[in-house]
Amino acid sequence: MSLIAFVFSGFSQTVDDALRYSQQFYEGSARNMAMGSAFGGLGADFSVASTNPAGMGLYRSSELSITPEVTSLFNSSTYNNMYAEDSKSIFNLGNLGYVQTTKMSNNGWKFFQFGVGMNRLNTYNTNQYMQGNNLNNSRLDIYKEQADGIDYSYIENDYPYDLSPAWSIYLLDTIPGYNDYYYTPVPFAGTLQEQTIQSSGSTNEWLMSLSANYSDKLFIGATVGLPYIRFKRETFYRESDAADTIPYFNSWSVRENLVTTGWGINLKVGIIYQPTNWIRIGGAIHTPSYYWSMRDSWYTTHTADLEWTSPEKVESVTGNYEYRLTTPMRLIGDAAFIINKMGLVSFEYEYVDYSTSRFKARDYGFNDVNASIRSSYQSTHNIRVGTEWRLGQTTLRAGYNYYSSPYADNLNDGERQTISAGIGYNFGNASIDFAYLRWLSDEDYYMYSSETIQPNAVVNSYRGQQFALTLRTKF
């Protein structure tokens, strides 16, 4: 899901990467997900350690929980009036948590809690397929634009991921009589363009949380989070002369492989106040997540099928780069209303300014990329709502959340909406919860772009669904 295409170069970090690793769509337990992740003011669920850790102070007993889940994402795209679709399903773990609760009797302090475990913050598992006829330009036009003015001897040595492989298999060649001006085997537009993107990975937050309960009125908590990013993407792009109108040219393609990993650290502090038995009001502050060990590994494979030579393929060297990333801080407000111990309604508001994300490295300033982040993104206002009703030992739940667009000046859509429902059954010292979620979002994508060359946007629609099951036991 991105605004522009990924282009390999000496430095592979883009504004899209900053947004991807900054966004959080909280998962956690099935109870939390069924209620639209609007759980910060309710507490006594391990998910709140990653939203409002004061909610951990509502625990009155120790607990162990685990949440396996299945996620499916369907993608449909339209590019130059041609339709394509793809889908992907994956099994993963949304939550694993242990809470140790200690009863106290000291000046009003009733309970103290220590929690340790993991909550999933984002999932990157998608398959996308896009296709369409382009009568205006070719991705090779960007290669030519980048190469013009550069002597071919420098291209061979200094552009190992794009221009050099293209040069070696005649996707770029010098105009006779020149060493620094080029032509391509696609001298005019009119190719069928296809692109497949297969992504996998997640951001999982491993955490330690401390919380306390004062007189059943005031609840405080703090979490030290250690988010871990793992992201893998394989992008395959191909142009072919489907109409057989370009002399001496059949097709060419480029496959781009990227693996990103990184550890980060953040601090979350929260408070909940319960003035009466039927209302709870709270809030939390999340510091920026500081990723001190981001690492990219990538390589490309170019192929060319030209009529005057045998098909050729060349693989680039593998590039590696280490850098740092700082993601935005977050502000969260919570309100929950308990109705006669039979039901409840909860609300959560989240403020995030994605324009504050920053890349850094020891040997590179990222000034241009960080400036693009500031101009491309904006602050967002995210709303989460949930409700729960008890019918004896059975509990019914429903929820909704809305994430506003992170893109500034209507650069893209990027809004995301989720509806959810669930059911739980309490056995006493153990319980089982089930959740079903369905979300949708729309975003434009560009297969390639430069300051002067850009194809029409691919209009992407994403429809996802998720099944989660939480098993928990108290002791």
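Can you run phi through the Karplus equation (6.51, -1.76, 1.60; θ = phi - 60°) for the range 326-331 and list ³J(HN,Hα) in whole Hz, with x for Gly and Pro?
Values, residue by residue: 10, 9, x, 6, 9, 10 Hz.
Where in the range 438-453 is the amide nitrogen less than 16 Å from a point lying 7 Å along the Cα-to-Cβ axis of Ser72?
The answer is 438-440, whose backbone nitrogens lie closer than 16 Å to the label point.
Per residue of the range 453-467, what does 6.51 cos²θ - 1.76 cosθ + 1.60 with θ = phi - 60° give for ³J(HN,Hα)? Whole Hz please, x for Gly and Pro, Karplus curve as stated.
Values per residue, Gly and Pro as x: 10, 7, x, 5, 6, 8, 8, 9, 10, 10, 10, x, 9, 9, 10 Hz.
Rounded to the nearest 20 debye, what is the charge dipole size of the range 114-232 about its Cα centre when +1 sits on each Lys and Arg Cβ and -1 on each Asp and Glu Cβ?
Its charge dipole is roughly 860 debye.
Using unit Cβ charges (K, R positive; D, E negative) and no other charged atoms, how large, in debye to the nearest 20, is the dipole of the range 175-270 about its Cα centre?
With Lys and Arg at +1 and Asp and Glu at -1, about 580 debye.
Please name whichever of Thr300, Trp167, Leu93 sits farthest to the positive end of the charge dipole of the chain, dipole taken about the Cα centre and charges placed at Cβ: Lys and Arg +1, Asp and Glu -1.
Towards the positive end, the residue furthest out is Leu93.
Could you work out the relative contact order of the range 227-332, using alpha carbon pairs under 8 angstrom and six or more residues apart, expressed as a whole percent?
27
Taking the Cα centre of the chain as the origin, how large is its charge dipole in debye, to the nearest 20, when only Lys and Arg (+1) and Asp and Glu (-1) carry charge on their Cβ atoms?
Taking the Cα centre of the chain as origin, the dipole is about 3400 debye.
List the residues, sorted by chain then number, that are 5 or more residues from Tyr181 or on another chain and whose placed amide H is less than 5 Å from its amide H.
For Tyr181, whose amide H was placed from the backbone, the distant partners under 5 Å are Gly149, Ile175.
Is the range 356-396 rounded, prolate or oblate when judged by the Cα gyration tensor, a ≥ b ≥ c being the square roots of its eigenvalues, rounded requiring a/c under 1.5 and prolate requiring a/b larger than b/c?
Because a/c hits 1.5 or more and a/b exceeds b/c, the range 356-396 counts as prolate.
P(r) of the range 379-474 in 5 Å steps, Cα pairs, percent per bin?
3, 11, 16, 15, 14, 11, 9, 8, 5, 4, 3, 2, 1, 0
Which residue, chosen from Tyr152, Thr71, Thr287, occupies the Cα position most advanced towards the positive end of the dipole of the chain, where the dipole is computed from +1 (Lys, Arg) and -1 (Asp, Glu) charges on Cβ about the Cα centre?
After comparing all options, I get Thr287.
Charges on Cβ only, +1 for Lys and Arg, -1 for Asp and Glu, centred on the Cα centroid of the chain; of Tyr323, Leu135, Gln454, which one is farthest towards the dipole's positive end?
Tyr323
How high is the relative contact order of the chain, given as a whole-number percent (alpha carbon pairs under 8 Å, six or more residues apart)?
In percent, rounded to a whole number, it is 19.
Per residue of the range 294-309, in order, report the coupling 6.51 cos²θ - 1.76 cosθ + 1.60 (Karplus, θ = phi - 60°) as ³J(HN,Hα) in whole Hz, putting x for Gly and Pro.
Using θ = phi - 60°, the values come out as 5, 9, 10, 10, 8, 7, 10, 10, 9, 10, 9, 10, 10, 5, 9, 8 Hz.
We did not get these values from a lab; they are worked out from the coordinates using the rules stated. In this text, all values refer to a predicted model and were calculated from it rather than measured experimentally. Reconstructed Cβ throughout: ideal geometry from the backbone, glycine too, with neighbour counts over all protein chains shown.
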